[in-house]
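Colleague: Below you will find the structure I want to go over with you.
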Amino acid sequence: MSTMQMLDVHLPTTDGRHIVMNRYTQPEKDVALLLSQLGLSLPEQPPPKVYASGQTGL
């Protein structure tokens with residue numbers, strides 16, 4: 001389970017805003033099999049957040 005990570009992807013836009021996407025890495029095959037056997041599933045990826053220039057979501 002320690003191979004799964006959560007990443008914050010920050011993308012600047014041409015109009016000065018920036019997009020922040022929180023993403024979980026996909027589990028490796030052995031972890032996916034374990035989750036399946038336990039009857040567990042991963043949550044959906046959260047939607048991206050858009051921030052105006054000068055605004056931070058950190």
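The values are calculated or read from the model by the stated rules, or taken from the named source; none is laboratory data. Predicted model, so just to flag it, every value in this text is computed and none were measured. Quick reminder, even Gly has a Cβ in these numbers, built from the backbone with ideal geometry, and neighbours come from all protein chains shown. These area figures cover heavy atoms from the full protein model, side chains too; ligands, DNA and RNA do not enter into them. Shrake-Rupley method; radii C 1.70, N 1.55, O 1.52, S 1.80 Å.
Colleague: Of the accessible area of the chain, with the probe set at 1.4 angstrom, what percent is carbon plus sulfur?
Modeller: Solvent-exposed carbon and sulfur of the chain make up 57 percent of the total.
Colleague: Quote to one decimal, in nm, the extra length available between MET4 and ILE19 on full extension: 0.36 nm per residue of separation minus the C-alpha distance between them.
Modeller: 3.1 nm
Colleague: Also: Report the net charge of residues surrounding ARG23, where surrounding means a beta-carbon distance below 14 angstrom and charges are Lys +1, Arg +1, Asp -1, Glu -1.
Modeller: Value of the local net charge: -1.
Colleague: Once all Cα-Cα distances of the chain are split into 10 Å bins that start at 0, what whole-number percent is in each one?
Modeller: Bins of 10 Å from zero give 21, 38, 22, 15, 4 percent of pairs.
Colleague: May I ask for the net charge around GLN5, where only other residues with Cβ less than 15 Å from the Cβ of GLN5 are counted and Lys, Arg are +1 while Asp, Glu are -1?
Modeller: -1
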